[in-house]
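**Student:** I have a structure I would like to understand better, so I am pasting it below and will then ask my questions one at a time.
Quick note: the coordinates plus some simple rules give every number you see, no bench work behind them. Not measured: the values here are computed from a predicted model. Here Cβ is always computed from backbone atoms with ideal geometry, including for glycine, and neighbour counts include all displayed protein chains.
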Amino acid sequence: MMGEIICGIDLGTTNSVIACLDQGKPVALSLEEGSAIVPSVVSLDDATGQLLVGRAARNRLAAFPDHTIRSVKRLMGQEASIHLGTRNFTPEEVSSHILHYLVENASKTLGQSIQKAVITVPAYFDDAQRRATIRAGELAGLEVLRIINEPTAAALVYDQVSWEEPDDSPYIMVYDLGGGTFDVSILELKGEIKEVLASCGNSALGGDDFDERLKDFFLRHLKQKTGYELPEDRALSVRLRDIAERTKIALSDRPFFLVDEVAVAFIDGEPVNLRLEVSRSEFEEMTRDLLESTLEKVTEALQEASLEPEDIGRIILVGGATRMPEVQASLSEMFDRPIAHSLDPDLCVALGASVQAGLIAGEPLGHILLDVTAHSLGVRTLHPYDFTDSANDHFSVIIRRNTRIPVSRAELYYTVDDQQPKVDVQVYQGESPYCRKNTLIGAFEFPLKPAPANSPVTVEFAYDREGIVHVSVDQKGYNNSKSVTLNVRQKTLQTESEAEGLVEKPVNYISEKARRILADERLPQELKDALIKLTGKYEQAVLAGDDDALIDELEDQLLEKIEQAEEGFETIG
Ligand code: ADP
Ligand code: MG
């Protein structure tokens with residue numbers, strides 16, 4: 001006879017997850033099509049009178065907006081009445097249906113009924129919101145043993161991990177970017193107890209806003225293409241937001257994504273297709289301010305806790321939207337250290353809640369062994385505007401150290417010369433920005449089809465559980481690709497050969513644009529020289545993290561030159 005099960009539940013604004021301990025180890029239970037992530041959406045089906053939860057409900061958002069509710073968590077603790085069709089619900093009642101759905105399906109999966117739970121709430125939830133959450137649990141037939149803060153839950157699960165290097169700072173930062181909310185918390189470890197020292201955030205900022213920016217971008221594109229201002233009807237809006245989210249998620253693993261959707265709208269009965277390529281740098285540019293506003297909150301939280309970035313030990317990324325590489329990159333810059341997801345950011349709050357459940361039940365907890373990459377993995381690149389000896393020794397990271405495996409990531413590079421015959425793909429692992437200080441894992445030649453300088457080449461790494469990396473290179477648009485398999489766990493000797501052929505990626509959208517223009521044969525020599533110089537200065541300043549005023553000034557100068565060049569092209573035709 002097995003003991004009774006206490007589960008942990010992350011009742012999220014956008015998604016919810018249920019987890020429990022399996023022989024002392026927290027596991028998230030897969031409930032829908034193999035996924036543990038259940039959309040926090042409830043919809044009333046008028047025909048059957050049934051309430052649908054999860055994906056089935058989310059799929060009804062467009063068609064049955066008056067019968068469907070998302071983000072009910074925002075209303076918890078308020079005297080709100082939610083109308084689904086002709087029926088009315090309180091926020092607790094809607095939440096209780098989500099909880100009931102999770103518990104019922106989890107019980108089926110486990111073959112054992114679940115009656116007790118630990119549920120998480122945001123650190124900023126007040127008493128009324130916490131009580132409403134307990135009430136939702138009770139309405140779902142659960143005994144709510146404890147309500148714990150989401151950042152605390154995330155920290156709890158990270159506690160169970162056996163780390164290679166001990167963490168001697170008592171301060172932990174949890175950065176949580178979900179679908180509709182952003183929270184940053186700083187915790188202090190006092191013995192076994194984790195105290196929330198500071199908690200800041202923006203309850204109206206999350207992954208949805210990133211989708212919204214892409215959606216607007218699509219609308220502008222459609223307007224340009226058709227010459228029509230498309231009426232913003234609900235169906236188009238939901239459709240475009242869905243395409244936007246898929247694009248955003250694809251761009252987390254790839255440097256560009258081809259959107260190819262038929263009949264997103266109709267003009268005079270004629271279907272309008274949406275077909276365009278979006279690059280990650282373009283996406284990052286259109287959402288930069290959103291990300292920056294989260295960094296301001298991080299600074300605020302540090303101030304509130306009277307701490308400096310270097311005082312913080314572990315940095316924990318929570319929330320699906322932290323999978324965007326720019327989130328990791330900007331935090332990594334701010335805290336001056338590599339930052340990666342060691343556990344799934346969308347599951348770790350629920351996992352932590354199940355650890356808390358285990359602590360309450362007095363169950364022995366096992367250590368979590370992380371399946372992560374031991375070293376950063378990348379390729380050797382040239383930096384065209386680095387005028388030092390290290391110009392062709394840059395280590396461009398594709399998969400960061402401590403990233404959970406299996407994982408697949410691709411990055412975009414450019415060729416150096418016109419009609420360049422090949423690129424030497426040299427794969428290194430290590431943490432130095434220079435390849436000579438890292439370990440060479442393997443190298444191979446990739447013959448190119450004739451193309452102008454600055455042609456894009458993508459390099460993709462697919463890293464599996466056995467430590468095998470499948471490297472694929474692709475000359476974009478030339479139907480030319482090659483794949484090679486390497487074993488990263490077998491150490492290879494360092495060789496001293498010089499690589500030629502791959503250029504470091506541009507530092508941002510502006511330098512990308514400058515480089516595109518530099519590759520244009522129509523560019524007059526004088527302007528080209530000036531642009532090369534300025535691009536070099538600008539990229540170096542950005543890479544070196546020079547002060548903002550200087551970067552801004554260089555940026556203005558560069559933009560002016562770009563504009564000048566573009567005007568020139570127009571007159572050339
Ligand atoms: P919440 O805590 O608000 O319930 P989640 O932590 O589940 O939400 O995060 C949901 C958000 O994460 C959504 O905006 C979703 O688009 C985003 N997201 C999920 N996976 C990715 C990904 N691979 N890249 C970028 N965003 C992602
Ligand atoms: Mg969450």
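**Student:** Can you give me the angle between helix 509-518 and the longest principal axis of the chain, using Cα atoms only, in degrees from 0 to 90, rounded to the nearest 10?
**Tutor:** Compared with the principal axis, the helix lies near 20 degrees.
**Student:** Let me ask another. Positive end of the charge dipole of the chain (Lys, Arg +1 and Asp, Glu -1 on Cβ, about the Cα centre): tell me which of L523, V264, S306 has its Cα farthest that way.
**Tutor:** Of the candidates, V264 comes out farthest on the positive side.
**Student:** In nm, what is the difference between 0.36 nm times the number of residues separating E232 and K533 and their Cα-Cα distance?
**Tutor:** 103.9 nm
**Student:** Hand me the GluC sites (Glu not before Pro) from region 191-298 located in a DSSP loop with no more than 14 other Cβ atoms within 10 Å, in residue order please. Can you show the working numbers first?
**Tutor:** Details: sites: E192, E195, E212, E229, E232, E245, E261, E277, E282, E284, E285, E292, E296; in loops: E192, E229, E232.
Sparse-neighbourhood loop GluC sites (Glu not before Pro): E192, E229, E232.
**Student:** Does region 35-184 come out rounded, prolate or oblate by the C-alpha gyration tensor, with a ≥ b ≥ c the root eigenvalues, rounded set by a/c under 1.5 and, if not, prolate when a/b is larger than b/c and oblate if not? Before the final figure, lay out the partial values.
**Tutor:** Numbers: a/c = 1.93, a/b = 1.72, b/c = 1.12.
Because a/c hits 1.5 or more and a/b exceeds b/c, region 35-184 counts as prolate.
**Student:** Would you order S237, S96 from fewest to most other beta-carbon atoms within 10 Å of each residue's own beta-carbon? Show your work: numbers first, answer last.
**Tutor:** Values: S237 15, S96 22.
With the fewest neighbours first, S237, S96 line up as S237, S96.
**Student:** Rounded, prolate or oblate, given the Cα gyration tensor of region 377-485, with a/c below 1.5 counting as rounded?
**Tutor:** Working: a/c = 2.13, a/b = 1.21, b/c = 1.76.
Taking the square roots of the gyration eigenvalues as a ≥ b ≥ c, region 377-485 is oblate.
**Student:** Net charge near E431: determine it from the other residues with C-beta under 12 Å of the C-beta of E431, scoring Lys and Arg +1 and Asp and Glu -1.
**Tutor:** Working: positive: R337, R400, R401, K437; negative: none.
Computed value for this residue: +4.
**Student:** Relative contact order of the chain, please, whole-number percent, based on alpha carbon pairs below 8 angstrom and at least 6 residues apart. It would help to have the intermediate numbers written out before the result.
**Tutor:** Working: 1138 pairs, mean separation 67.6, N = 573.
12 percent.
**Student:** Let me ask something additional. Name the residues whose placed amide hydrogens come within less than 5 Å of the amide hydrogen of V41, ignoring near sequence neighbours (fewer than 5 apart) on the same chain.
**Tutor:** Amide H to amide H, under 5 Å and 5 or more residues apart or across chains, V41 pairs with G54.
**Student:** Projecting each Cα onto the charge dipole of the chain (Lys/Arg +1, Asp/Glu -1 at the beta carbon, about the Cα centre), which of M76, V121, G366 comes out farthest on the positive side?
**Tutor:** Value: G366.
**Student:** Set Lys and Arg Cβ to +1 and Asp and Glu Cβ to -1, take the dipole of the chain about its Cα centre, and tell me which of A28, G352, P433 lies farthest positive.
**Tutor:** The residue sitting most towards the positive pole is A28.
**Student:** Spelling out what I want: for every residue of region 539-548, take phi, set θ = phi - 60°, compute 6.51 cos²θ - 1.76 cosθ + 1.60 (Karplus), and round to whole Hz; glycine and proline get x.
**Tutor:** After applying 6.51 cos²θ - 1.76 cosθ + 1.60, I find 4, 5, 5, 5, 5, 7, x, 4, 6, 4 Hz.
**Student:** A follow-up question, please. Explain nothing, just the number: dipole magnitude of the chain about its Cα centre with +1 on each Lys and Arg Cβ and -1 on each Asp and Glu Cβ, in debye rounded to the nearest 20.
**Tutor:** Dipole size: approximately 1900 debye.
**Student:** Between exposed trypsin sites (Lys or Arg not before Pro) in the chain, where DSSP calls loop and at most 13 other Cβ atoms lie within 10 Å, what's the longest gap?
**Tutor:** Values: sites that count: R465, R489, K491, R522.
The answer is 1-464.
**Student:** Please report how far the C-alpha centroid of region 420-445 lies from that of region 1-61, rounded to the nearest whole angstrom.
**Tutor:** So the separation of the two Cα centres works out to 44 Å.
**Student:** Would you mind pulling out the separation of the Cα centroids of region 452-486 and region 210-264, in Å?
**Tutor:** Region 452-486 and region 210-264 have Cα centres spaced 28 Å from each other.
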